[in-house]
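Peer 1: First, the structure itself, so that you have it in front of you.
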Protein chains: 2
Amino acid sequence: MTDTRIAVLRLGHRKGRDPRITTHLALVARAFGADEFYLAGDEDAEMFATLSAVGERFGAALKMQHVKSPMALIKRWTRRDAGDGEPGTAAHLTMYGERFRAVIPTMPRNRPLLVVVGGTKVPAEVFECCQFNVAIGNQPHSEVAALALFLDEWGGDIDVAERFKDGRLEIVPSKDGKVVIDRDDENQGC
Amino acid sequence: MTDTRIAVLRLGHRKGRDPRITTHLALVARAFGADEFYLAGDEDAEMFATLSAVGERFGAALKMQHVKSPMALIKRWTRRDAGDGEPGTAAHLTMYGERFRAVIPTMPRNRPLLVVVGGTKVPAEVFECCQFNVAIGNQPHSEVAALALFLDEWGGDIDVAERFKDGRLEIVPSKDGKVVIDRDDENQGC
């Protein structure tokens, strides 16, 4: 478990083409320990509404924000001279990077962490400005899978009871069915 | 590392709506150790062509097949009396299931493994016919993330050199750039 402040930056969102992939990215961010989600590329109010609804039902709502310049965010996040709070770490997930299980133990854990997830054609500047370029295997697969494995390796098993305590719905692990606790139903009985 | 025969079954593919999610699922299957990919729902020759091209470039090509009845496949896979080779294990990934890090160590490793990945509205029969219902966290996130974490936990780090040796392209882990070996270029020099 970690109490590092974790944010995810999704580059190059295309509203018409990427809605489900980007939604999955944000859901993974929330489920695996991030608190903030920055969206670059197209604005997407509809997707933000979908994500807000998940937070209302299951707790641990993401703070979401669209950013016009992702490079400005990365630079502000990583520069000591930015005068914008504590300088942080930026880790860019790319299949060209170093292996995650070797890199993660070398990353500082006492600074805010920005995980940068590419879209199509990531500019060279992203590789240069992030202190870490991290590969979840050097094979083509999925930015959704990469983010999940990175955050899981970073944070280990999330303290579920604590993290999602403000949710209305709670799913109870089950061998062969669907067991869902609805706290609103419980409250009605009181 | 494991030498279990691993197949992935994707339920309920919708060609118009799911192309990228299902493509990511198949790419994750290939990258994390599966050799076979069964697609239920809509047929999708275009997606299969995309996946074949990845296999040609990077090695470890998936065997892909569309199935009309996923339930028939699950039953054939898991029944001893089917007379169709060795009976196997079916593990259904669902956020309602038991926690994966608790369940995986209890699963047999000497039988073929079918990992069943839901679409929308998975029928109750899938929960019943699969011997294991496995949750990668009991929060909503992504079937792509779930498959990656399940296969990674099942197989550990893949023996990359062995698994992808027939690929034309090889990506070399790098701190800050893109390093790609093209074996065709090497061969031209001989």
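Peer 1: Among the residues that make up region B:109-116, is at least one of them at the interface with chain A (Cβ under 8 Å from one of its Cβ atoms), in a strand (DSSP E or B) and crowded, with 24+ Cβ neighbours inside 10 Å?
Peer 2: Looking for residues that are at the interface with chain A (Cβ under 8 Å from one of its Cβ atoms), in a strand (DSSP E or B) and crowded, with 24+ Cβ neighbours inside 10 Å, one finds none in region B:109-116, hence no.
Peer 1: A further question on this structure: With the structure loaded, tell me whether A:I74 is in contact with a strand residue (DSSP E or B) (Cβ under 9 Å, 6 or more places away or on another chain), in contact (Cβ under 8 Å) with a residue 24 or more places away in the chain and surrounded by fewer than 18 Cβ atoms within 10 Å (Cβ to Cβ) or whether it fails that test.
Peer 2: No: the conditions fail for A:I74.
Peer 1: Separate question: Name every residue in region A:56-67 that is assigned to a helix (DSSP H, G or I) and surrounded by fewer than 18 Cβ atoms within 10 Å (Cβ to Cβ), in order of residue number.
Peer 2: The answer is A:E56, A:R57.
Peer 1: While we're looking at this one, here's another question. Scan (1) at pLDDT 95 or above; (2) closer than 21 Å to B:G156 by Cβ for the single condition B:R109 breaks and write down its number.
Peer 2: Only one criterion in (1) at pLDDT 95 or above; (2) closer than 21 Å to B:G156 by Cβ is unmet by B:R109, namely (1).
Peer 1: Shifting gears a bit: Just for region B:1-50: of the residues that are basic (K, R) and not in a strand (DSSP E or B), which one is modelled with the highest pLDDT?
Peer 2: Residue satisfying both the conditions and the ranking: B:R30.
Listed here are the residues, each with its yes/no results for (1) hydrophobic (A, V, I, L, M, F, W, C); (2) crowded, with 21+ Cβ neighbours inside 10 Å; (3) in contact with a His (Cβ under 8 Å, 6 or more places away or on another chain).
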site: B:R5; (1), (2), (3): no, no, no
site: B:A26; (1), (2), (3): yes, yes, no
site: B:R30; (1), (2), (3): no, yes, yes
site: B:L39; (1), (2), (3): yes, yes, yes
site: B:M47; (1), (2), (3): yes, no, no
site: B:S69; (1), (2), (3): no, no, no
site: B:E86; (1), (2), (3): no, no, no
site: B:M107; (1), (2), (3): yes, no, no
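Peer 1: Looking at A:R14, A:R5, can you tell me which residue is in contact (Cβ under 8 Å) with a residue 24 or more places away in the chain and within 12 Å of the chain's Cα centre (by Cα)?
Peer 2: Only one candidate passes the filter, namely A:R5.
Peer 1: Looking at this structure, is B:G59 in contact with a Lys or Arg (Cβ under 7 Å, 6 or more places away or on another chain) and among the small types (G, A, S)?
Peer 2: When the stated conditions are applied, B:G59 passes them.
Peer 1: If I ask for residues that are out of contact with any strand residue (DSSP E or B) (no Cβ under 8 Å at 6 or more places or on another chain), more than 14 Å from chain B (Cβ to nearest Cβ) and in contact (Cβ under 8 Å) with a residue 24 or more places away in the chain, which ones from region A:17-45 would you list?
Peer 2: If the condition is that a residue be out of contact with any strand residue (DSSP E or B) (no Cβ under 8 Å at 6 or more places or on another chain), more than 14 Å from chain B (Cβ to nearest Cβ) and in contact (Cβ under 8 Å) with a residue 24 or more places away in the chain, then no residue fits.
Peer 1: Taking region B:117-145, which residues are within 9 Å of chain A (Cβ to nearest Cβ), in a loop (DSSP other than H, G, I, E, B) and of a type in the set (S, T, N, Q)?
Peer 2: Residues satisfying the conditions are B:N138, B:Q139, B:S142.
Peer 1: Still on this model: Looking only at region A:123-147, count every residue that is of a type in the set (A, V, I, L, M, F, W, C) and more than 18 Å from the chain's Cα centre (by Cα) and tell me the total.
Peer 2: 3
Peer 1: Next question. Would it be correct to say that A:R14 is more than 10 Å from chain B (Cβ to nearest Cβ), of a type outside the set (F, W, Y), more than 26 Å from A:M107 (Cβ to Cβ) and touching a helix residue (DSSP H, G or I) at 6+ places or on another chain (Cβ under 9 Å)?
Peer 2: yes
Peer 1: Can you tell me which residue in region B:161-177 is nearest to the chain's Cα centre (by Cα), limited to those that are within 9 Å of chain A (Cβ to nearest Cβ) and loosely packed, with under 15 Cβ neighbours inside 10 Å?
Peer 2: Filtering first and then ranking leaves B:V172.
Peer 1: Give just the number: which of (1) crowded, with 18+ Cβ neighbours inside 10 Å; (2) closer than 26 Å to B:K75 by Cβ; (3) out of contact with any Phe, Trp or Tyr (no Cβ under 7 Å at 6 or more places or on another chain) does B:S142 not satisfy?
Peer 2: Exception for B:S142: condition (2).
Peer 1: Of the residues A:F37, A:F58, A:F127, which single one is of a type in the set (F, W, Y) and in contact with a helix residue (DSSP H, G or I) (Cβ under 6 Å, 6 or more places away or on another chain)?
Peer 2: Unique residue meeting the criteria: A:F37.
Peer 1: Just checking, does region A:89-100 include any residue being assigned to a strand (DSSP E or B), on the phi > 0 side of the Ramachandran plot and of a type outside the set (D, E)?
Peer 2: no
The values are calculated or read from the model by the stated rules, or taken from the named source; none is laboratory data. Keep in mind the model is a prediction, meaning the values are calculated, not measured. No Cβ is skipped: glycine too gets one built from the backbone with ideal geometry, and neighbour counts run over all protein chains shown.
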